[in-house]
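Here is the structure we will look at.
The values are calculated or read from the model by the stated rules, or taken from the named source; none is laboratory data. Quantities reported herein were computed from a predicted structural model and do not represent experimental measurements. Don't worry about glycine lacking a Cβ; one is built from the backbone with ideal geometry, like all the others, and counts go over all protein chains shown.
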Amino acid sequence: MLLQGPAEPGDAAFRDQQNQGDAAFRDQQNQGDAAFRDQQNQGDAAFRDQQNQGDAAFRDQQNQGDAAFRDQQNQGDAAFRYQQNQGDAAFRDQQNQGDAAFRDQQNQGDAAFRDQHNHRDAAFRDQQNQRDAAFRDQQNQGDAALRDQQNQRDAAFRDQHNQGDAAFRDQQNQGDAAFRDQQNQGDAAFRDQQNQRDAAFRDQQNQGDAALRDQQNQRDAAFRDQHNQGDAAFRDQQNQGDAAFRDQQNQGDAAFRDQQNQGDAAFRDQQNQGDAAFRDQQNQGDAAFRDQQNQGDAAFRDQQNQGDAAFRDQQNQGDAAFRDRNT
């Protein structure tokens, strides 16, 4: 075995040079690691910024789509309410026109009935006045004929009286008594006949009045029945129109809600599809970024391993040369 001599100053200098080279190499490796981590951190930050910008842009696009969809829904609601209000106004106008026409028809019927009633009253009063005038004329003619007959009898009696004597006066007295009896009987008979005619005329007037009132009452009852039937038919028609209009409104409301629900479902499906596509794109980007990081890590580790192997080869060569020199 060869004996080694005492260490020479060149050995210490070589080890110092090796130690300095190791320290310099470790510093270089540490700087390379720090630079690589900084580069990775910057890449991570840039990728997160890009993801955050994409998320913000996607949320803005979703919010704009939501706002546009709500505006479209609100416009549809406003248009539907406007259409409903116009339909309500048109229906009320139609009802008011029908009411006004029905009231005009009722008023015309009432006026025609009152005119007919007034004409009949006037005709009846004219007929009564004519009957009263004819009766008074007949009474006046009867009174005049009776007075003429009395005056003739008075003249003949006065003539006979002027010729008279006691016998004539007796006869006059007897004649006067007989004449007064006859006059009283004639007056009584005439008054009875007048009373009977007055009673018969009043009965006839009362019967005519009763018959006219019955006829008027029947016509009034028939007119009120016709009026009530017209009112009932008009109310039935109004109620049917109201029911048909409410059914049409309810159908329109249901169709509009169905259309809104279909639009909401389609919009949610579109949002869900957009969310799924965006998540797929994010996942693909994350996988590609991790693959790129893994490839970079592998290349950096290969470079570090190559550098370590070259440094170890250089150290081994230096150690071999040092041993060869010391042998």
**Prompt:** Is it the case that the range 118-126 has a residue that's surrounded by fewer than 10 Cβ atoms within 10 Å (Cβ to Cβ) and at negative phi?
**Reply:** no
**Complete:** In the set 139, 64, 97, the lone residue that is surrounded by 13 or more Cβ atoms within 10 Å (Cβ to Cβ) and not basic (Lys, Arg) is 139
**Asked** Here are some residues: 245, 179, 201, 157. Which one is among the aromatic types (Phe, Trp, Tyr) and under 30 Å from residue 127 (Cα atoms)?
**Response** 201
**Fill in**
Checked against (1) within 30 Å of residue 10 (Cβ to Cβ); (2) without any contact (Cβ under 8 Å) to a residue 24 or more places away in the chain, residue 240 satisfies every condition except (1)
**the range 284-320, residues that are among the hydrophobic types (A, V, I, L, M, F, W, C) and over 23 Å from residue 28 (Cβ atoms)** = 287, 288, 289, 320
**Asked** Here are some conditions: (1) at pLDDT 80 or above; (2) more than 30 Å from residue 202 (Cα to Cα); (3) not hydrophobic (A, V, I, L, M, F, W, C). Residue 158 meets all but one. Which one does it not meet?
**Response** (1)
**Asked** When you look at residue 37, is it more than 30 Å from residue 274 (Cα to Cα) and either modelled with pLDDT of 80 or more or assigned to a helix (DSSP H, G or I) (or both), yes or no?
**Response** yes
**Asked** Tell me, which residue of the range 231-285 that is surrounded by 12 or more Cβ atoms within 10 Å (Cβ to Cβ) and acidic (Asp, Glu) is farthest from residue 102 (Cα to Cα)?
**Response** 275
**Request:** Could you tell me whether any residue of the range 98-108 is touching a His at 6+ places or on another chain (Cβ under 9 Å) and either in a helix (DSSP H, G or I) or not acidic (Asp, Glu) (or both)?
**Result:** yes
